[in-house]
Every structure is written in C-alpha cells, then in structure tokens.
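The values are calculated or read from the model by the stated rules, or taken from the named source; none is laboratory data. Please read all numbers here as calculations on a predicted model, not as lab measurements. Neighbour counts run over all protein chains shown; Cβ positions are idealised from the backbone, glycine included. Remember, those area values only see protein heavy atoms, side chains included, never the ligands or the DNA or RNA. Shrake-Rupley method; radii C 1.70, N 1.55, O 1.52, S 1.80 Å.
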Amino acid sequence: MIKLVLMYRKGIILLTAYCIVLSALSADPPGWTEDRRIVFLPLGGTNPRADCCGDTVHLVWQQGYMLGNIGHPEVAYKRSTDHGETWSDDVRLSVLDEIESIMPDIAVKGDTVVVVWYEYQSHIVQYRISEDGGMSFGPIDSLKAPGMGYPSVDMVADTVYLTIESYDEEGGVYFTMSTDGGHTWDSLRIIYNDTIAREPRLSVSWPDVHIVFTARDSIYRAGEIFYLGSHDGGRTWDEAIIISDQDSINSPLAFNTSWPGGTAVSWYDGKYSPYPWTGDIFVRRRNKLGQWSEIDSLTTAHRAVWSDILAERTHLHVVWEDERHDPGHNFEIYYRESPDLGITWYPEVRLTNAPYHSYRPALACGGRYLHLFWYDRRDYGNNGRSVIYYKRRDLSISTPEGYQVDIPGNISISPNPFRKHTIISFSLFSPSAHLEIYDQAGRRVFRQEYTESGQHRVVWSTERAGVYFIRLKDRTRATIQKVVALE
C-alpha cells in the first residue's frame, strides 16, 4: 500500500512520498553519478540544452569565444555515444562575429539532429541540421523573419516543430513546422498575438503539440503561464488559456514535457515568497481527457527559480535552481520525481553541493539513463567564468531499502481490493476538509467536503474496475492511499 503525506498552503498542493527519503545534503544521492565538468574551453559556457537517441546524448550550449580582445557568445555542440561516459570534442555551430548567438535548443530523431538559436542583435532565428547523428552539420540557415527570438524545437519522425517569440508590431507566439527534417519549412504563423508574450516552450507527442509561454493576463496585468494546444499536429490550435493562478505576481519561465495524451508544465512563482527574486516551483499537468490538475507546489523554501521538466515512461522528473543554503552566493540544483506522471511526488533531493552558483539545469533521457546538465561557477568563483557540468542517473537502480520510511496516514479502506463498494473511514483534525478520489488518468470521480472534525465514514461505489487514489486534505495535512476496484 502506498502512503503519501500531503502538505499544502493556500490551496496549492505539496506532495511528498514515503518511497524515497534521501539526504538533502548528499552531493551524490543513490543512482546519480558524481558531478563532472565536460567542457574545458577557455571562456565561460551557459544555458545548456540536450536531447537523446538511445545511448547517444546530444548537447548544445552558449559558449564564449574570443573575438579580438572581447569574449563573445556563440552556440557550441558535443555528443556522447556511450550514454555520457565519454564526450566528443566541442564544435562551434554559429559564426564567430559581433552578433551574439544565444539560447540554443536541440531536437533529435534517429540520425537527424536539429539545432536552433537566435542572433540577439538582429533577432533572426538560425538553425543547422546533422543527418549523421552529429558527426557533421550542414550549413547555417535562417527562417528569414526578423524580430524573432527564444526558439524552442521538438521532433517526431521526420517532422520538426518550432515555436518562436516575436518582438515586432505583430508580436506574440509564432509556430512553424518542417515535414522533411528541417530542410523546408511552412510559413510562420502567429498563434497568439500579444507583444508581451515571452519565452514559448514546445513539446510534442503526436498528434498533440503543446506550447506554454508567459504573457500578461487581462485582470492584474501580471505575467502568467499560458497554454496553447493543437491536437491535429499543429494545423489548428485551441484558444490560449491561463494555467497559473491569476494574481498580481509574475509567473515566469515555463518549461513543458509531454507523453501520449498528456503534458505537464513547471515554472516558478513568488506568490508565497518573502524574497524579491526567488519563489517556489509549481507544476500542473493535463491528462488525455484534456482536464488540468490542481497546481502542485514542489518547494516550500521560497528560494527557487529556473526549472526543467521531463517525462519518461510513467515518470516525471523536475530539476530547479535553489539558493536556500547561502542566499545570494550559492544556487544549487534540486530534483523531484513523480512515479505516476505527477499524481504523487517523491521527496526533493539536492543534486549539487559545491561553493558558488549552479545554474540553468536541463534534462534529457535516453536508454536507461536520465542526464542532467547545468553551468557552474565552482571552479572560478561567482565573479569568474562558468563551465558546463554533467551528471546522470541510472534509472535501472532501485531505491535502497535504507532510504525508505513509512509515514502513517489517517485513512482506513475496507475492503481493499473491493468489488462494487468499499468503506472509507478517516479522522479529521480540522473543521474544514474534503475527500477526493481520482482514477489513473487523473480524472476526479468523487469529491465530498466536510465542516466538522472527528470520525467520518464514506461508502463509495463504482462499477468500473481499476486503480484509484483517495486523497484527504484538511488545514494541516493530508494523505493519499491507493485502492483497487475489481471486476
């Protein structure tokens, strides 16, 4: 029986599980390798992004190169063909000139590798394609549309999907696609018209295309997280909706991931933070029925910012920057995992433990490994240059029993498993609580509110066999238990 403890604040849920309790002070928790520096170029590197095809890992990042006497950012690439054990030489993909090439992204399918970035001063999106798994790249090309920036790319079969923000008078979120691996592109289409729309991110699980971005809401005029979905491969789009809480606090830097029929989004928000520049990491997911879950808060220390999120099999993985240990001087990388695509979450794990800042974590998954990249100041101090670091997790390694602890709940279910109906008994320590039941797809099938503390009992019936999650929430705590309905 899985027993989960849930703590929440102002209606935003923080899920923790008993399955893994890892030391927050360990730099190398079970299953993770030690931190490795994998770039040794003379100048600093930032903003890594990665993708995988089996055991081959492809990495791009923003690397400093000398132009005369001045360091200048360009886009660099390297790969590993043995799941991160060894790495190729660094390859510069952009032209070394006075125009900065920044914020690269990458998509991989088979031997096709597509790398996109934008030139900061000219606001033109450029790209290069490899058709031999990254051994060589074709010439630089561009989308010939000025005023563009912050590209995000994904790939399914031979089709490449791309979203871009625009700074021009018809600004907003643009979308295009290529059905021949990036050689020719459809016309750029504006799918959300607002000059304040920023930093779109794209994730595809065909025929669903999911885009999230930050834009102003119409009430508070603050930045919120918007979602745009297409369910026919990008030909038509639903109306954009706000998926973060509408308030006067900005919700920036959304990242998303997807799986067949679903998607999940992570971002940070300072709504509960007493600090001016940091907040907490929030996650929300959409199931195959198009229903959005409640917003989950993965942190409570209020010292988090940039995050990344990745789905693999039935698991969600989230990493973020967190400066709780030495505010202003030492961001570290933290991690949480959900074994059921965001319904429940294991406890947070600190992945780095070094002096100075660790920034901009990025995830990729291939074979049996989860790969993590970030840029780090540990070698040269916060005033010196940054370099790209790496570690990985072997997903085939199970959690050691010594890290498991049983946290008791306050729900009793009898019988379990059951046929037709079961009795749910529980105690309330608060006069305000509610009981909810969810199916495996994340769809809520029962909800009951309570206004009195004490003992309660519910007889719940269902005609549909399957696994369900019973969640009880009051003012101070909550529990989740699994129940199985038989045919």
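If R0 equals 25 Å, the separation of the Cβ atoms of residue 92 and residue 144 corresponds to a calculated FRET efficiency of about 0.65. Taking each residue as 0.36 nm, the span from residue 427 to residue 443 lengthens on full extension beyond its C-alpha to C-alpha distance by 3.3 nm. Between the range 273-343 and the range 424-452, the alpha-carbon centres lie 25 Å apart. Within the range 163-251, the trypsin sites (Lys or Arg not before Pro) that combine a DSSP coil assignment with at most 12 other C-beta atoms in a 10 angstrom radius are 221, 235.
Overall, the chain carries a charge dipole of about 1780 debye about its Cα centre when +1 sits on the Cβ of Lys and Arg and -1 on the Cβ of Asp and Glu, all other atoms neutral. Stretched out straight at 0.36 nm per residue, the stretch from residue 313 to residue 329 would grow longer than its current Cα-Cα span by 2.1 nm.
Between residue 111 and residue 206, the modelled label-to-label distance comes to 1.9 nm, taking each label 7 Å out from Cα in the direction of the beta carbon.
Here the chain exposes an accessible surface that is 49 percent carbon and sulfur, computed with a 1.4 Å probe and the other protein chains kept in place. The relative contact order of the chain comes to 14 percent, based on Cα pairs under 8 Å that sit 6 or more residues apart.
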